[in-house]
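Below is one structure; the comments refer to it alone.
No value in this document is a laboratory result; all are computed from the given coordinates. Since we're looking at a predicted model, the values are computed, not measured. Cβ placement follows ideal geometry from the backbone for every residue including glycine, while neighbour counts extend to all protein chains displayed.
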Amino acid sequence: MSTEKRWMRFQPLDRLGDLVETKLRAVASGARVEGTKLEIDPNIIQRIVALSGGHPHLIQLLGSHLVERENQDPDGLIGRSRAAKHGGR
């Protein structure tokens with residue numbers, strides 16, 4: 001049995017925004033192929049990074065939740081709350 005230490009390095013938080021944006025753009029691109037217009041709220045990218053603290057599993061969960069929510073109640077925009085779109089109603 002090896003006693004060698006292994007380290008995991010996470011990407012710096014400032015680079016995670018690029019990763020999140022790339023993944024969400026891939027989802028939007030796939031939607032366009034299927035004939036659905038889908039946009040990404042630019043504020044959601046940094047929000048995901050901030051809420052996750054850079055933890056990869058949390059980034060995955062937050063992204064999956066946003067996509068699942070859009071699939072269940074489509075409005076053509078990933079990330080903006082329903083209340084914000086309707087003037088707080």
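Before moving on, here are some points about what is shown:
- Over all orientations, the stretch 13-76 has a Cα convex hull whose mean projected area works out to 4.0 square nanometres.
- Farthest toward the positive end of the dipole of the stretch 13-76, out of GLY17, ILE45, ALA28, is the Cα of GLY17, where the dipole comes from beta carbon charges about the Cα centre.
- For peptides 26-36, 61-71, sequence by mean Cβ density within 10 Å, most packed first: 61-71, 26-36
- Amide H to amide H distances under 5 Å link GLU39 with LEU77, ILE78, where only residues 5 or more positions off or on other chains count and H is placed in the peptide plane.
- A simple packing score, the average count of other Cβ atoms within 10 Å per residue, orders the peptides 16-22, 50-56 as 16-22, 50-56, with the highest score first.
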